[in-house]
């Protein structure tokens, strides 16, 4: 006979959370209850309240908090911003299809107006490799042209190794940024090249970036051995999650307990045997797909949707999307310039609606931007960037001041952020700082004159920069 619902205890939890406008973690909720119940009971009650729609989880892992469903969402800490990110400024927006715009409208409704949903097995099981397709033939052809390199007939991983130094920084920074990491591009470069952690950044942010470096190196060093199999996916997870999970043994293992998705009405599956069966089916299906771009996108859709690991699932999917590209020496996908809000809302469209249109737009846009940086023959991607054009003189001034001042990377990162804060529009500041840092990392003997710099100034700065 099932146990009766602990209504008094559930009401007590909700009552406590109503007094916590910023939400509360499990430990605080546990300590508020008298008499003190077992911690596992509290965790069960929280899962039940989430299922009933009375409370909402915010964040993942150790930073997870809960708040009542009808309360306004608080300003989230950096590590949790992926779930409540503000829409980027207009210049930074991906041009969305009509279907993607409809998805965006649905997933940005208040939580109370979105229907709670669970895992839909038919979303996976109904896909037939090389018969079903998320990407149209025209889009796959376009991406193939963009990604083509001179090394297609060479051993797997040849092109990746050629661009490895730049990719380590770009992919580590961009993938971490999509998780709310606050490291700047220059700080990431300093960490990966000199081993110097940025002052004032949280330890888990530093660890996240170093973990990305290790995972990318796995893709490059074992390009001929990786694939959509347990060895590759579980080891990617182990590397990406090192020192970031409550239990070290959880790295590289499929989860055996329930997890929640912050600021979403989607509830991933909970039964371990079912998770394992779906995980194996995802791997088998992905491996059977012939087209590398369809493979990459299928992994980006289905892996986060299942949530096979305790945490770090989206990071695994972004790295896994590069597996078929690495194997065929196509240009890698580094998520350069992808707006965090667009990625977040696109993933929510998969979670809550099983719609891939928004994420497909993000994928296409992201690959175009990545190929512009890495392809052997750079593609012409439309008109000049409007934002860069508007801030052309300010960018030249900031880059020039860094060089003339002989600033090293840590000092330059601080200076760039300070200059970006002078922009009147707050939502433009992060984008401006990223552009300025990209200009600095791309500066060389053949292009410094456009910043009105003299050869002696550039030579002196290069010594400090190294």
Number of positions in segment 142-183 that are outside any helix (DSSP H, G or I) and at pLDDT 90 or above: 6
Residues of segment 433-466 classified as assigned to a loop (DSSP other than H, G, I, E, B) and without any contact (Cβ under 8 Å) to a residue 40 or more places away in the chain, total: 7
From 330, 245, residue being at negative phi, surrounded by fewer than 20 Cβ atoms within 10 Å (Cβ to Cβ) and modelled with pLDDT under 95: 245
Any hit, segment 435-447, residues being within 24 Å of residue 339 (Cα to Cα), modelled with pLDDT of 90 or more and surrounded by fewer than 19 Cβ atoms within 10 Å (Cβ to Cβ): no
Residues of segment 248-264 that turn out to be in a loop (DSSP other than H, G, I, E, B) and under 20 Å from residue 210 (Cβ atoms), as a count: 2
Tally of residues being in a loop (DSSP other than H, G, I, E, B) and either closer than 17 Å to residue 208 by Cβ or in contact with a strand residue (DSSP E or B) (Cβ under 7 Å, 6 or more places away or on another chain) (or both) across segment 309-331: 4
Criterion (without any contact (Cβ under 8 Å) to a residue 24 or more places away in the chain, closer than 22 Å to residue 164 by Cα and assigned by TED's automatic domain parsing to the domain that holds residue 248) met by exactly one of 334, 370, 317: 317
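Per-residue answers, yes or no, for (1) crowded, with 18+ Cβ neighbours inside 10 Å; (2) outside the structural domain of residue 332 (by TED's automatic domain parsing); (3) modelled with pLDDT under 90; (4) in a loop (DSSP other than H, G, I, E, B):
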| position | (1), (2), (3), (4) |
| --- | --- |
| 398 | yes, yes, no, no |
| 418 | no, yes, no, no |
| 427 | no, yes, yes, no |
| 431 | yes, yes, yes, no |
Residue check, residue 354 farther than 21 Å from residue 168 by Cβ, assigned by TED's automatic domain parsing to the domain that holds residue 242 and under 10 Å from the mean Cα position of the chain (by Cα): no
Unmet requirement for residue 214, which otherwise passes all of (1) surrounded by 21 or more Cβ atoms within 10 Å (Cβ to Cβ); (2) touching a residue at least 24 places away in the same chain (Cβ under 8 Å): (1)
Matching residues in segment 20-52 - criterion: being farther than 22 Å from residue 263 by Cβ and outside any helix (DSSP H, G or I): 33, 34, 35, 36, 37, 38
Subset of segment 262-282 [on the phi < 0 side of the Ramachandran plot and touching a residue at least 60 places away in the same chain (Cβ under 8 Å)]: 262, 264, 265, 266, 267, 268, 269, 278, 281, 282
Condition met for residue 132 (assigned by TED's automatic domain parsing to the domain that holds residue 356, at pLDDT 80 or above and in a helix (DSSP H, G or I)): no
Scan of segment 99-129 for residues that are assigned to a loop (DSSP other than H, G, I, E, B), at pLDDT 95 or above and either touching a strand residue (DSSP E or B) at 6+ places or on another chain (Cβ under 6 Å) or surrounded by fewer than 17 Cβ atoms within 10 Å (Cβ to Cβ) (or both), ordered by number: 120, 126, 128
Condition check for residue 96: surrounded by 12 or more Cβ atoms within 10 Å (Cβ to Cβ), within 26 Å of residue 295 (Cα to Cα), at pLDDT below 95 and within 24 Å of the chain's Cα centre (by Cα): yes
Cβ-Cβ under 6 Å pairs, at least 6 apart or on other chains, segment 1-23 side under 18 Å from residue 66 (Cβ atoms) and assigned by TED's automatic domain parsing to the domain that holds residue 53, far side loosely packed, with under 11 Cβ neighbours inside 10 Å and at pLDDT 85 or above: none
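The values are calculated or read from the model by the stated rules, or taken from the named source; none is laboratory data. Not measured: the values here are computed from a predicted model. Virtual Cβ from ideal backbone geometry, glycine too; neighbours counted across all protein chains shown.
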